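Chemist: Here it is: the structure, laid out below.
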Amino acid sequence: MKADPLARRIPWAVLVFLAAACVPWLGSRFYTFLATDIAILALLAASLNLLLGYTGLVSFGHAAYFGIGAYTCAILMKSYGVSFALGLATATVAAGACALLFGAFCVRSSQIYFSMLTLAFAQIVWAICFKWNSVTGGEQGLSNVPYPNLGWMSSLPVLGGLRAGDHYYLLVLILVGLAFAVLKRIVESPFGSTLTAIRENPERAEFVGINVRRYQLAAFVVAGAFAGWAGALFGIFNRGVFPDFAHWSKSAEVLIMAIMGGIGHFWGPAVGAAILILLNQQINAYTQYWPLILGLILIILVFVFPSGVFGAVHSGLQRLRRHRHA
Amino acid sequence: MLDPAFLLAQCISGLTAAMFLFIVASGLSLIFGVLRVLNFAHGSFYMIGAYMAWQITHWAGANSVSFWIAVPGAALAVALLGGIVERLCLRHLYGRAELYQLLFTYALVLILGDVARIVWGTQQLTVPRPAGLAGGLEVLGIVVPHYNLFIIALGPAIALACWLLLSRTGTGRMVRAAAYDREMLAALGADVGKLYTLMFMAGSFLAGLGGALVTPVRSIVPGMDVDIIVEAFIVVVIGGLGSFWGTFLGAIIFGQVLAFGILILPGFSIFAVFVLMAFVLVVRPAGLLGRAVKR
């Protein structure tokens, strides 16, 4: 099971982060756009994986917390002129608080019932976004969400020549990187190990004195808060927030990202997000039937590569190594 | 302010919506009860049923019987589709984690949605009300369409028929046994595989039937699959997953809350339904008539 020691020693995460930071200098507005999209959704997928891969809870309503974060930050910044930092913090807290409220009901049921409840609560959030015209803008959503004031970046030596979108991208990259670092610390902490124990066998975890529901709820809140963080960043990136952010098809999309990359690995969902977004860009150029293609990909995934890209690569490498040793 | 005619109209429209929803949701509940699969594609089957009904009336031409051929025809076509899906794909996922079953049925939602768009386009399609039921009945100054009364009568009839099938026939007994403990049933030598296919087809039949019956009242549009599935989920959650009469009760409550929620929260009646669901879950996590779930 031991991976190649050399490959182990390379700090892949740092390398990817540094490479991603170079994207604005490629000069294309489109590349920066794609990279921002990927960075934010990678975080969203990774936050879902705290439930899916680490705690063994299949949430079908993760988009709700993404939506709550996006709406909270956008409404505060647009309607109340609040600063970006305060908007982002409030969005994260709001998403976490809603996750606490809804999660308290959801963790009372297990397995499929849990999935249904998360879905139902997410639809409540969606219905509120869709109907509450005076605050959320209803079906039309809120557009023209202001950019945070990043003028100070222009006065920095290297960043001066970049566009506003590039400045925002660098900010997103730092904030997403920060969130990933915290998330990684969480899953490697004793708390993370307890979650894994619960995933493996809830009854036994209960026997050794773990309050399973309380841990599941804690994981739900943490995952919700990170989704809110991602949502706040996305609303500004998108220059608008729409009810679709909280719709259950969005939740399903995030689930697919996580599965595609591989829920057995910390970075799997992030890789899945990148693959899905790039694939979507490519295929949309040829056909309007992206859902059909996505459905077919999903069927292949379910039947042929259930452990995602990471799982497939891992087992491939193992086979290769066994071959070499034989 | 509370005009009795208005209340009656709301009540009738709520009941009609409830019966449509019951027909669809009972199929979802039946499939869940036996196969333990939460079928996201159930709404897609409903949509395909509606499109098939339009297609068959289109082929049969405008005459008095075309609708009565279209309804069973569409339901049977959807049952066949369900049987194929179960035999070819779903069957191989029973031993796997629920996540993969959910994802598979979600893949079907995506695929069937686009297939319907390719075959039938994106414009609204409508089916006229059947000749015998085109009129209306006047009560307290409001006109209740005959078709709505027909649906209100049909819902309980279907419920009763299903209940008799489940409680009085040998297959029904097997279905109840499978819902209770399927490993034990298999160990006793019953052909559980065949039972699963049969139940998936029966559930799909109900979805297709609901879709076909709704065509004279609502226009057929892309996206109707996703709308109905969430409503059907709420109904079975309120009633209790896998509980047949629970689904019936859940549908009636859903319809009435939707119809009268307008009085209390104009524009927010869908919200009233969600609040009701949350309330039911707090008081009875397994649903109104659901059995407590083994962890």
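FYI, it's all coordinate maths here, none of it is from the lab. As the structure is a prediction and not an experimental result, all values here were calculated from the model. Methodologically, a virtual Cβ is constructed for each residue, glycine included, from the backbone with ideal geometry; neighbour enumeration extends over all protein chains shown.
Chemist: Relative contact order for chain A using alpha-carbon pairs under 8 Å, separation at least 6, rounded to a whole percent?
Modeler: Relative CO of chain A lands at 31 percent.
Chemist: State, to one decimal in nm, how far the label point of A:LYS184 lies from the label point of A:GLN318, with both points 7 Å from Cα in the Cβ direction.
Modeler: 2.4
Chemist: Right, next: Once phi is turned into ³J(HN,Hα) by the Karplus curve 6.51 cos²θ - 1.76 cosθ + 1.60 with θ = phi - 60°, what whole-Hz value does each residue of segment A:35-47 show in order, with x for glycine and proline?
Modeler: 5, 5, 4, 5, 4, 5, 6, 4, 5, 4, 5, 5, 5
Chemist: Report, to two decimal places, the Cα Rg of chain A normalised by 2.2 N^0.38 Å (N = number of residues). Walk me through the numbers before you get to the answer.
Modeler: Details: Rg = 20.1 Å, N = 326, 2.2 N^0.38 = 19.8 Å.
Dividing the Cα radius of gyration by 2.2 N^0.38 Å gives 1.01.
Chemist: Let me ask something additional. For chain A, what does -39500 (n - 2.57) per DSSP helix run (n ≥ 4), summed and divided by total residues, give at 222 nm, in deg cm²/dmol to the nearest 500?
Modeler: Value at 222 nm, helices only: -23500 deg cm²/dmol.
Chemist: In debye to the nearest 20, how big a dipole does segment B:22-221 give about its Cα centre with +1 on each Lys and Arg Cβ and -1 on each Asp and Glu Cβ?
Modeler: Using only the charged Cβ atoms, the result is roughly 200 debye.
Chemist: While we're looking at this one, here's another question. Using the Cα centre of segment A:5-325 as the reference point, and only Cβ charges (+1 on K/R, -1 on D/E), how large is the resulting charge dipole? Debye, rounded to the nearest 20. All intermediate terms of the calculation are to be shown ahead of the outcome.
Modeler: Details: 19 positive and 9 negative charges, 143 e Å.
Computed about the Cα centre, the dipole is about 680 debye.
Chemist: Let me ask another. Sum up the charges of everything whose Cβ sits under 14 Å from the Cβ of A:VAL241, counting Lys and Arg as +1 and Asp and Glu as -1, but leave A:VAL241 out. Could the numbers behind the result be given before it?
Modeler: Numbers: positive: A:LYS78, A:ARG239, A:LYS250; negative: A:GLU139, A:ASP244.
Around A:VAL241, the charge tally is +1.
Chemist: Three principal axis extents, largest first, for the C-alpha atoms of the protein assembly as shown, in Å?
Modeler: That gives 80, 64, 51 Å along the principal axes, largest extent first.
Chemist: Oh, and also: Between A:TRP132 and A:ASN280, what is the label-point separation in nm under the 7 Å Cα-to-beta-carbon projection?
Modeler: Placing both labels 7 Å along Cα→Cβ, they lie 2.5 nm apart.
Chemist: Right, another one. Please give the residues of segment A:25-62, grouped as numeric ranges, whose backbone N is less than 13 Å from a label point set 7 Å along the Cα-to-Cβ vector of A:SER154.
Modeler: The answer is none, because no backbone nitrogen lies closer than 13 Å to the label point.
Chemist: Starting from the amide H of A:GLY240, placed 1.01 Å from N in the peptide plane, find each other amide H under 5 Å away whose residue is 5 or more places distant or on another chain.
Modeler: A:VAL145
Chemist: Something else about it: Under the Karplus relation 6.51 cos²θ - 1.76 cosθ + 1.60, θ = phi - 60°, what is the ordered set of whole-Hz ³J(HN,Hα) values for segment B:188-202, x standing for Gly and Pro?
Modeler: 7, x, 6, 7, 5, x, 5, 4, 4, 4, 4, 5, 5, 5, 5
Chemist: Would you mind checking segment A:230-257 for residues with the amide N under 19 Å from a putative spin-label position 7 Å along Cα→C-beta of A:VAL93?
Modeler: What the label zone holds, given the 19 Å backbone N cut-off, is A:230-233.
Chemist: Hey, rough spin-label estimate for B:PHE260 and A:LEU100, points 7 angstrom out along Cα→Cβ, what's it come to in nanometres?
Modeler: Here the answer is 3.6 nm between the modelled labels.
Chemist: Something else: Working out 0.36 nm times the residue gap between A:PHE33 and A:SER193, then minus their Cα-Cα distance, what length gain in nm do you get to one decimal?
Modeler: 54.0 nm
Chemist: If every alpha-carbon in segment A:174-326 counts as one equal scatterer, what log10 I(q)/I(0) does Debye give at q = 0.09, 0.18, 0.21 1/Å?
Modeler: Debye output, listed in q order: -0.40, -1.29, -1.43.
Chemist: OK, next. Which value, to two decimals, describes the C-alpha radius of gyration of segment B:142-295 once divided by 2.2 N^0.38 Å?
Modeler: Numbers: Rg = 17.7 Å, N = 154, 2.2 N^0.38 = 14.9 Å.
That works out to 1.19 for segment B:142-295.
Chemist: Also, quick follow-up: To the nearest µm²/s, what D does Stokes-Einstein give for segment B:22-221 at 10 °C and 1.306 mPa s, using the Kirkwood radius over alpha carbon pairs as Rh?
Modeler: The Stokes-Einstein estimate is 88 µm²/s.
Chemist: Something else now. Taking each residue in B:31-43, count the Cβ atoms of any other chain within 10 Å of its Cβ, then average. What number comes out?
Modeler: Across B:31-43, the average partner-chain Cβ count within 10 Å equals 1.
Chemist: Would you mind checking the tilt of helix B:66-88 against the longest principal axis of the Cα atoms of chain B, expressed as 0 to 90 degrees and rounded to 10?
Modeler: Here the helix axis deviates by roughly 20 degrees.
Chemist: Now a separate question. Just how far, in whole angstrom, is segment A:58-110 from segment B:190-223 if you go by their alpha carbon centroids?
Modeler: Cα centres, segment B:190-223 to segment A:58-110: 37 Å.
Chemist: In addition: Mind checking the full-extension length gain between B:MET184 and B:CYS11? Use 0.36 nm per residue of separation minus the Cα-Cα distance, one decimal, nm. The partial results should precede the final answer.
Modeler: On the way: separation 173, 0.36 × 173 = 62.28 nm, distance 4.47 nm.
Extra length available between B:MET184 and B:CYS11 comes to 57.8 nm.
Chemist: Roughly what angle does helix B:42-60 make with the longest principal axis of chain B, taking Cα atoms, 0 to 90 degrees, to the nearest 10?
Modeler: 60
Chemist: List the relative contact order of chain B as a percent without decimals, with contacts defined as Cα pairs under 8 Å and 6+ residues apart.
Modeler: Relative contact order of chain B: 36 percent.
Chemist: Along the charge dipole of chain A, pointing to its positive end and built from +1/-1 on Cβ of Lys, Arg, Asp and Glu, which listed residue (A:VAL107, A:THR194, A:LEU217) has its Cα farthest out?
Modeler: Result: A:THR194.
Chemist: Which longest run of chain A has no exposed loop site in it, a site being chymotrypsin sites (Phe, Trp or Tyr not before Pro) in a DSSP loop with at most 11 other beta carbons within 10 Å, and the site itself not part of the run?
Modeler: Answer - A:81-285.
Chemist: Can you work out the FRET efficiency for the pair A:ALA21 and A:ALA85, with r the C-beta to C-beta distance and R0 = 30 Å, to the nearest 0.05?
Modeler: The formula returns an efficiency of 0.90 here.
Chemist: Please give the calculated 222 nm ellipticity per residue for chain B, where each DSSP H segment of at least 4 residues contributes -39500 (n - 2.57) and the sum is spread over every residue; nearest 500 deg cm²/dmol?
Modeler: Counting only the DSSP helices, I get -24500 deg cm²/dmol.
Chemist: Residue by residue through segment A:213-228, which ³J(HN,Hα) values in whole Hz follow from phi under the Karplus form 6.51 cos²θ - 1.76 cosθ + 1.60 (θ = phi - 60°), with glycine and proline marked x?
Modeler: Result, ordered by residue: 4, 5, 5, 4, 5, 4, 4, 4, 5, 4, 4, x, 5, 5, 4, x Hz.
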